[in-house]
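Below is one structure, written out as structure tokens; the observations come after it.
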Amino acid sequence: MEATAVREDSLQVSHLSTGYSDRKVIQDLDLPVFRAGEVHSLVGPNAAGKSTLMRALAGLQKATGSVRLGGQELIGLSLAEHARRVTYMPQTLPQGVALSVLESLVAALRASAIGERSESHDAAERRAVAVLERVGILHLALEGLDHLSGGQRQLVSLAQALAREPRVLLLDEPISALDLHHQLRVMRLVHDLARERGMIVLMVLHDLQIAARWSDGIVMLSRGAVSATGKPAEAITPEALARVYGVQARVEHCSRGGLQIMVDDVVTADAM
Amino acid sequence: MHAQPRAGAQPAATAEEVLAQYRRLVGRRIAIVAGLALACIAAFALDLVTGPSALTAMQVLGGVISPDSLTPPQAAIVWQVRLPYALIAVLVGAALSLAGAEMQTILNNPLASPFTLGVSSAASFGAALAIVSGISLPFIPVDWMVPLNAFAFAFGSVLLLQLMASRRGAGVETVVLLGIALVFAFNALVALMQFVSSQEALQQLVFWSMGSLSRATWGNVWVLGLVLLLVTPFSMLAAGRLTSLRLGEDRARSFGVDVGRLRFMALLRVSLLAATSVAFVGTIGFIGLVGPHMARLLLGEDHRFLLPASVLCGALIMSLASAASKAIVPGVLMPVGIVTAIVGVPVFLFLIFRRPERS
Ligand SMILES: Nc1ncnc2c1ncn2[C@@H]1O[C@H](COP(=O)(O)OP(=O)(O)OP(=O)(O)O)[C@@H](O)[C@H]1O
Ligand SMILES: [Mg+2]
């Protein structure tokens with residue numbers, strides 16, 4: 001894959017409110033600044049509003065407040081303008097689609113212009129194949145989407161998002177269906193790509209251990225509000241885990257770097 | 001790093017090999033589309049030479065190329081009956097099938113078609129209303145009143161679907177359910193009109209509910225041909241966006257596709273295609289459902305190929321059905337709607353029973 005010039009943009013989210021017609025999910029949310037080349041993880045319990053926040057950042061959902069990328073305000077941009085800069089990988093890939101893996105990547109690339117680039121079919125095919133190779137699923141290129149296992153589908157879904165080489169990559173639970181090997185492989189790949197291209201990555205993860213190991217920063221979301229944030233060691237603390245997840249846990253700082261999180265039990269009412 | 005190889009697969013192919021394989025696949029798809037086009041021409045010729053009058057195949061085909069080779073009555077049969085009849089079959093098949101293909105994609109439902117979502121029923125009702133009430137408008141020839149009213153109702157029903165689809169929070173399921181409700185509502189209304197109508201009007205109504213090519217005129221051929229010529233390029237321009245919509249609505253939107261607009265424009269094309277077809281030939285079932293499915297089975301869902309193949313499959317089935325409608329009982333012209341339904345139902349059942357296989 002050819003090298004892309006490293007960009008020096010940052011993503012700043014402030015006073016963001018979003019939700020659905022019958023329910024405000026997120027109100028007046030501020031997030032720490034995400035810098036180019038950094039990987040951030042959005043963690044938190046089910047229904048905390050993680051997917052809703054990601055969809056709002058991707059421009060898929062009405063939101064108020066400010067989302068600035070470099071000097072550009074993203075809120076209010078058209079979908080096509082958004083898609084030049086931001087790509088969102090949803091939690092699921094639909095069933096019953098008669099497309100091959102490679103065709104699906106070409107479709108992702110050709111759907112609209114990326115940055116200043118609008119690719120010919122030939123160029124899109126080459127880029128798609130290169131991405132499949134990098135994700136390690138080149139052997140699936142001509143396989144039908146409907147014949148893939150759950151984990152393979154997730155890798156394809158990731159490849160579709162990566163292929164667009166966005167400035168901001170939003171991944172909603174990209175490793176939830178993957179085996180140990182592929183979990184690490186994807187985290188390493190995303191980490192490396194962020195550094196190489198100066199891409200800003202925000203990913204929703206449920207595995208705190210992995211989030212801590214591979215992220216530059218953690219945002220812990222609870223009921224639509226930020227409950228803890230900072231470097232992994234600052235954000236993931238026994239107090240935060242008790243408060244947000246309702247679990248008793250110990251967090252050890254390993255000599256080799258990284259955190260060791262041991263969850264012992266759920267918090268009982270009187271222990272809180 | 002080792003990705004798990006597929007059982008029995010070749011050891012890891014290189015990027016260049018995969019690209020070459022993919023291009024061969026694309027080549028094969030183009031060949032299939034070309035094959036379908038040839039099959040269409042053959043079926044069209046077959047339809048043209050089939051008929052009750054004592055003309056040989058050579059006479060008919062020769063008469064199409066040089067009308068002077070035939071006696072005036074023979075030329076009249078070829079040019080005023082056979083040719084418009086065969087052409088309208090091709091055009092109606094193509095139009096309904098293209099409409100079905102776009103509907104199935106934008107509504108994310110393999111059972112969507114102009115027939116199953118009430119567009120054809122609405123047209124029937126519009127026609128029935130014109131026939132029974134005998135209304136006429138100034139400046140409009142009387143024999144265009146029925147198709148015009150059918151068109152108005154078909155267009156109205158699609159606009160209603162459109163309205164539902166664009167309403168905030170309405171899922172595509174809502175649209176499909178509304179379509180089914182439309183089928184029942186309009187069918188009941190047509191039955192009611194039949195119940196109260198005169199003997200003569202009843203006969204015309206039966207023509208509508210069965211679908212028949214036999215009243216096709218050159219005027220119809222030109223109008224439908226122009227509509228198809230106008231709409232198809234826009235469908236093809238949307239092909240890439242339609243393909244990406246198959247990856248999920250949120251994903252397509254995040255790839256920069258304005259799905260609401262795509263849906264609106266597609267439904268507009270669908271209403272033009274379906275309403276015009278049904279206005280001229282009555283309700284012809286299943287073409288809009290079976291044509292796209294045949295194309296999908298042959299070529300998958302890359303809409304660059306799926307859309308043209310749907311057009312061709314629809315035209316092919318319709319030509320064959322038209323030829324069959326003349327040949328099944330010699331000397332008797334069966335309404336083609338009956339024949340397409342006989343062809344269509346087994347395919348429909350096959351598709352239904354095939355569905356649960358998907359995990
Ligand atoms: N389409 C929708 N319409 C209305 N409410 C919704 C919709 N989608 C989600 N919600 C609500 O918004 C809240 C946040 O949901 P969201 O999907 O953002 O959670 P999440 O943090 O991604 O959870 P999970 O970890 O389970 O994926 C929930 O209370 C949910 O019920
Ligand atoms: Mg979620």
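The values are calculated or read from the model by the stated rules, or taken from the named source; none is laboratory data. These figures come from a predicted structure and were not determined experimentally. Heads up, the Cβs are rebuilt from the backbone with ideal geometry, glycines too, and the neighbour counts pull from every protein chain shown. To get the accessible areas, we keep the full protein, side chains included, count just its heavy atoms, and leave off ligands, DNA and RNA. Shrake-Rupley method; radii C 1.70, N 1.55, O 1.52, S 1.80 Å.
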| query | Which of the residues in the range B:265-301 lose at least 20 Å² of accessible area when you go from the chain alone to all protein chains together (probe 1.4 Å)? | reply | B:GLU301
| message | Between B:TRP79 and B:LEU177, what is the label-point separation in nm under the 7 Å Cα-to-beta-carbon projection? | response | 5.6
| remark: Averaged per residue, the 1.4 Å probe accessible area of the range B:1-137, protein heavy atoms only, in Å², is roughly 46
| task | Could you please state how large a percent of the accessible area of the range B:16-358 is carbon and sulfur, counting protein chains only and using a 1.4 Å probe? | result | 72
| According to the square roots a ≥ b ≥ c of the eigenvalues of the Cα gyration tensor, what is the shape class of the range A:44-109, taking rounded for a/c under 1.5, prolate for a/b larger than b/c otherwise, and oblate for the remainder? | oblate
| task | Place a +1 charge on the Cβ of each Lys and Arg in the range A:30-125 and a -1 charge on the Cβ of each Asp and Glu, then give the dipole magnitude about the Cα centre in debye, rounded to the nearest 20. | result | 340
| task | Keeping every protein chain in place, order A:HIS253, A:HIS206, B:HIS303 by accessible area at 1.4 Å, biggest value first, i.e. largest first. | result | A:HIS253, A:HIS206, B:HIS303
| request: Please identify the helices of chain B, taking whole runs of DSSP H, that span at least 30 Å along their own axis as judged from the Cα atoms and have a mean Kyte-Doolittle score of -0.5 or higher. | output: B:15-49, B:83-106, B:142-166, B:172-196, B:259-281, B:303-327
| said: Give me the Å³ per residue figure for the convex hull around the C-alpha atoms of the range B:16-358. | reply: 161
| field | Fluctuation leader among B:ARG269, B:ARG261, B:ARG82 - chain B, Gaussian network, Cα springs under 10 angstrom | value | B:ARG261
| said: Can you tell me, using C-alpha contacts under 8 Å and at least 6 residues apart, the relative contact order of chain B as a whole percent? | reply: 29
| said: Over chain B, with a Gaussian network built from C-alpha contacts below 10 Å, which listed residue (B:SER209, B:SER198, B:SER121) shows the highest mean-square fluctuation? | reply: B:SER198
| task | Counting only C-alpha contacts under 8 Å and six or more residues apart, can you give the relative contact order of chain A as a whole percent? | result | 24
| query | Ignoring ligands, DNA and RNA, how much accessible area is buried between chains B and A, both sides summed, with a 1.4 Å probe, to the nearest 100 Å²? | reply | 3700
| note | For chain A, the per residue accessible area (1.4 Å probe, Å²) is 41
| If you take every DSSP beta bridge whose two residues both sit in the protein assembly as shown, what share of them, in percent to the nearest 5, is antiparallel? | 60
| request: Using only Cα atoms, locate the centre of the range B:185-248 and the centre of the range A:21-83, then give the distance between them in Å, rounded to an integer. | output: 45
| request: Name the residues of the range A:69-101, by number, that are at least 50 Å² less accessible with every protein chain in place than in the isolated chain; the surface is that of heavy atoms, probe 1.4 Å, without ligands or nucleic acids. | output: A:LEU79, A:ALA98, A:LEU99
| Percent of Cα-Cα distances greater than 36 Å, calculated over chain A | 14
| For the range B:132-155 versus the range A:138-164, the gap between their alpha-carbon centres in whole angstrom | 52
| field | Normalised per residue, the volume of the convex hull around the Cα set of the protein assembly as shown (Å³) | value | 199
| For the range B:16-358, with the dipole built from +1 on Lys and Arg beta-carbon atoms and -1 on Asp and Glu ones, taken about the Cα centre, which of B:GLY282, B:ILE338, B:LEU111 lies farthest toward the positive end? | B:LEU111
| remark: Expected max-MSF residue from B:MET58, B:MET236, B:MET103 in the GNM of chain B (alpha carbon, under 10 Å) is B:MET58
| field | GluC sites (Glu not before Pro), loop per DSSP, at most 11 other Cβ atoms within 10 Å - longest free stretch of chain A | value | A:117-272
